[in-house]
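Remarks on the structure that follows.
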Amino acid sequence: MDLTQARSLFIEEALGLLEVMEACLLEIEAGDATAGQHIDAIFRAAHTIKGSAGLFGFDAIVAFTHIVESVLDKVRDQKISLDHDLCDLCLLCQDHLMTMIRQLQDDSIQLDLHAGEQLLARLHLYLDGKPALAMPEAETAAMSEHWQFDVRYGADVFRDGMDPMSQLSYLATLGTLTDVHLSAEFPAEHFDPESCYLRLHANLASEASKQTLEDVFEFVRDSSEIHITVPKSISEQLAQQDISDEKLGTLLVQAGAVTPRELQQALQAHKQQEIAIGQALVQQGAVPPELISTALDKQKATEHKRPADFQFLKVEARKLDGLINLIGELVTSGAEMDSLLSELGNSKITESFSVLNSLLEQIRDGALSLRMVQIGESFSRLRRIVRDVSKELGKEIDLIVEGADTELDKSMVEKLSDPLMHIVRNALDHGIEPTELRLYKGKPAQGQLKLSARHEAGSVVIEISDDGAGLNVQKIRDKAIEKGILAPDRDLSEADTYKLIFEPGFSTAAAVTNLSGRGVGMDVVRRNIEELRGQIQIRSAIEKGTTFSIRLPLTLAIIDGFLVSVADTKLVLPLNMVQECMEFKPGLQTQGRNYLDLRGEVLPFIRLSDIFRLPGRRLQRENVVIVQYGSDRAGLVVDALHGELQAVIKPLNSMFQSLRGIGGSTILGSGDIGLILDIPQLVQFATNLEMQTCHP
Amino acid sequence: MKTILIVDDSISIRQVVGMTLKGQGFDVIEAVDGVDALKKLTGQKVHLIISDVNMPNMDGITLLKEIKQIPAYRFTPVVMLTTEGAEEKKEQGRAAGAKAWITKPFRPEQMLAAVNKLILP
Amino acid sequence: MAVVITPKADFLVVEFEQDLSIFAVNELFESLKSVPQADADKVILDLTAVSEFDSAGLQLLLWLQHSAPAKSFTLSHGDNPTVLRVLNLYNLNPLAA
């Protein structure tokens, strides 16, 4: 994962957000939804695009989005209403942004700067009538003229296994080739068909840098003569200005007119013969004289933009989900078949079916893994944020990343990126102290930020820890009281005090900056995590640092389950949370309390028949399943253990969704319905129940 | 369809290269070392060979010398995969006739660019 | 044989087989040496069967044309995609009408 990939991630994300924005606006315009319902989503789309674009230095996008966001902010504050006209304007702005983002990906797209300015002017009417910000120059000015190539291929080119047409075809991918002319300079006698006598002239319209273009010939460079002439338009862009030789060289390299290799040669000549760099470059034939005479002023290094999108196939998530659903059905009917076959007792069919079944399992795993991505993607985006923010704040940060290859569901990774960004930003801003303060405290000048991810007992744990000042319980308390979040007379434990920072209205950044700003704060972080059915916890020690720990379930459509029963009800436990099973002997139980003694360890337990009020008399022989979620363990008392199975999770009917302790249902091989237990809830319930018993 | 032989003892390199190139319509065959590569070269037409330098059994430079001796492959382009700073190896490779190099670690698109500079898809 | 040369009434047909690449140019060159001295004024280069065509192969054709400036060459490619691709890339249309 590198910057190019991070960049294409940004583009993908921004396009996605713009689509959301468009859908919301269209619904409002059509009267299918009110502005109040959607304004947050619209605002957040603009806000996120602005923030991310800022990280990559796409200033034009930041400037434009900032104005859009400001107008949306007014709508959010109900200072102006999102009427038909404004909706229309927002849609136009959304279009314009779409073009700006697409242009990053595809050089051939033209951006109508004038239209952009008009939009800004119209937006300003909704603000306070100030003149529109001047739009920054478009990132790369299109070059009107061509690069000229003159390549005299060396005699050994063919024998070295090189084919000039491959390079020509590669050039064609970098721009538009024109005036290709192949000639051959044959000797008067002794033509050797294995020697190369070819000479190639070609013109190319491209915005690639000279380095990129020179690199096309990297494998024949040693054997051939290659001349690349800079387009006139580059020289025209150079303003008349007196600058020192060395600087001229650097600027020419930056402008893509000269490659570092050529500059190196020129500098050598400069030293040996005391001639000016410009002159040396002209003598080398690297640049035309006019180019040197007009010195470079503001020409930005032209970055060549080619999307690195060939590595991935973009598939509509809906199709993938459809496939996974089908495979789910397949697994279910496979299980049904399995139980039928075992009744039949035909060993040949059973054997053949078991092969089929193992293939089925592989297909299932393969299909599920299609949705799984490595969290490293999000982490590397954070890397850039850490770099930029630490630069902005003047803090030195050592970033440690662990477990970047931990996989989790793609949709989860997407929803995580915002909260992670906020936590990281927060840690850098408030957690890690300024360098001088750290030195004063005797800490290393470089602050440490650690991102880690790992799988743990059926969930994914992501931690962001810093070695900063730690959270100050008293300060948080005071601030919460000041903001009216906490009643002054309430006592809170340390852990509960930390949780206050997730309260709405607690963290409102004072200054409107590119990244934080407008109170998209820690409350949103918690909400995002909870939407993913995850939990966020804070551990902190004064002067040692703070750790944000996010625990997410591995929500998958199909799980490996463990089937148990209570009375006539079949229940399924996610296998990865099951630790062990044993017979529940009365001796295990602590008298009168819901504790059991597991080899000296005291564990809370619950009887599922009590929790779910399942009818049936208590059997002579009961079993207990020890389950673990995170660091908590509990025992679940059931009647019978039936063993492992694959369970396709069907969401519960909305009527039952508030049912605690049940996460879904599945159809068993026998055709019965099995209920899938929500272990985290049950573990929590067992722990709480026991605590209530202890402290009535 | 053009066929590319990737010779590397690392399965992950072979896979990444394989996936990248197959995605661009090349046919890819794999070999784990020089000896294996020479075996794979017989009986089929390979248009480009990508070989690691350091491998067990037969290293990339010996393999390159061997390839230059096979009439059907004496002009086949060979890309050597090398690590940063392995100047001595590079020198040996050059002496053996290596012209195209890719420095590890490389990104799939760098690999693809190098391949496209050498053969037509 | 990598190439079949058939003299017709007043022209010469040069029919290339699969390989018109660096691996075959030496052998092809030996066979083609006689073409510039041939009686016929017209030469038809038939590339229909070519499946390997590279710049070395193309150079050989250029050389043939270069060594027989008095002859008129016609290229027959039978819409062979391998050949058309090379010609398009180099912006070459059939060598001579």
- Probe 1.4 Å, all protein chains in place: accessible area of A:Leu91 in Å², nearest 10? 20
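What does the net charge come to around A:Ser52 if you take all other residues with beta carbon closer than 9 Å to its beta carbon, with K and R at +1 and D and E at -1? Before the final figure, lay out each step's value.
Numbers: positive: A:Lys50, A:Arg381; negative: A:Glu13.
It works out to a net charge of +1.
Suppose accessible area is computed on protein heavy atoms with a 1.4 Å probe; arrange A:Met372, B:Met19 from highest to lowest.
On the way: A:Met372 35, B:Met19 140 Å².
Reading off the accessible areas and sorting them downward yields B:Met19, A:Met372.
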- Message: Distance between the C-alpha centers of segment A:1-38 and segment A:394-414? Whole Å please.
- Response: 24
- Over its alpha-carbon atoms, segment A:314-470 yields an Rg and a Dmax in Å of 23.8, 79
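Am I reading the B/A interface right? What is its buried accessible area, both sides, 1.4 Å probe, to the nearest 100 Å²? Walk me through the numbers on the way to the answer.
Values: alone 6370 and 35990 Å², together 40580 Å².
Summed over both sides, the interface buries about 1800 Å².
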- What is the Cα convex hull volume of segment A:315-370 when expressed per residue in Å³? 55
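What trypsin sites (Lys or Arg not before Pro) does segment A:142-199 have in DSSP loop regions with at most 16 other beta carbons within 10 Å?
Details: sites: A:Arg152, A:Arg159, A:Arg199; in loops: A:Arg159.
Here no loop site has a sparse enough neighbourhood.
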- Query: What list of ³J(HN,Hα) couplings, whole Hz, do you get for segment A:477-488 from phi and the Karplus terms 6.51, -1.76, 1.60, once you set θ to phi - 60° and write x for glycine and proline?
  - Reply: 4, 4, 5, 5, 5, 4, 7, x, 7, 10, 6, x
- With label points set 7 Å from each Cα along the Cα-to-Cβ direction at A:Leu641 and A:Asp95, the distance between them in nm comes to 6.6
- Item | Leading residue at positive end of dipole, segment A:315-370 (Cβ point charges), from A:Val331, A:Val355, A:Leu368 | A:Leu368
- Message: Give me a comma-separated list of calculated 3J(HN,Hα) values for segment C:63-70, in order, Karplus coefficients 6.51, -1.76, 1.60 applied at θ = phi - 60°, integers in Hz, x for any Gly or Pro.
- Response: 5, 4, 5, 5, 7, 10, x, 7
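Count the net charge of all other residues whose Cβ sits under 13 Å from the Cβ of B:Asp33, scoring Lys and Arg as +1 and Asp and Glu as -1.
So the environment of B:Asp33 carries a net charge of -4.
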- Query: How big is the gap, in Å, between the Cα center of segment B:46-72 and the Cα center of segment C:41-89?
  - Reply: 33
- Query: Using unit Cβ charges (K, R positive; D, E negative) and no other charged atoms, how large, in debye to the nearest 20, is the dipole of segment A:315-370 about its Cα centre?
  - Reply: 160
- Under 10 Å from the Cβ of A:Ser670, count the other residues' Cβ atoms, weight Lys and Arg +1, Asp and Glu -1, and hand me the total. -1
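How much of the pair distance distribution for chain C lies past 21 Å, counting alpha-carbon pairs only, in percent? Write down the numbers at each step before the final one.
On the way: 1070 of 4656 pairs.
Roughly 23 percent, once rounded to a whole number.
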- Share of pairwise Cα separations in segment A:3-126, more than 26 Å, in percent: 16
- segment B:112-120 - phi-based ³J(HN,Hα) in whole Hz, Karplus 6.51/-1.76/1.60, Gly and Pro as x: 5, 4, 4, 4, 5, 7, 9, 9, 7
- Task: Extending each Cα 7 Å along its Cβ direction at A:Lys415 and A:Leu359, get the distance between those two points in nm, one decimal.
- Result: 3.6
- Classify chain B as rounded, prolate or oblate from the Cα gyration tensor: take a ≥ b ≥ c as the square roots of its eigenvalues, call it rounded if a/c is under 1.5, otherwise prolate when a/b beats b/c and oblate if not. rounded
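The values are calculated or read from the model by the stated rules, or taken from the named source; none is laboratory data. Every value quoted in this text rests on a predicted model; they were computed, and no experiment measured them. Note that each Cβ is placed from the backbone with ideal geometry, even for glycine, and that neighbours are counted across all protein chains shown. Note: accessible area is taken over every heavy atom of the protein model, side chains too, but ligands, DNA and RNA are not part of it. Shrake-Rupley method; radii C 1.70, N 1.55, O 1.52, S 1.80 Å.
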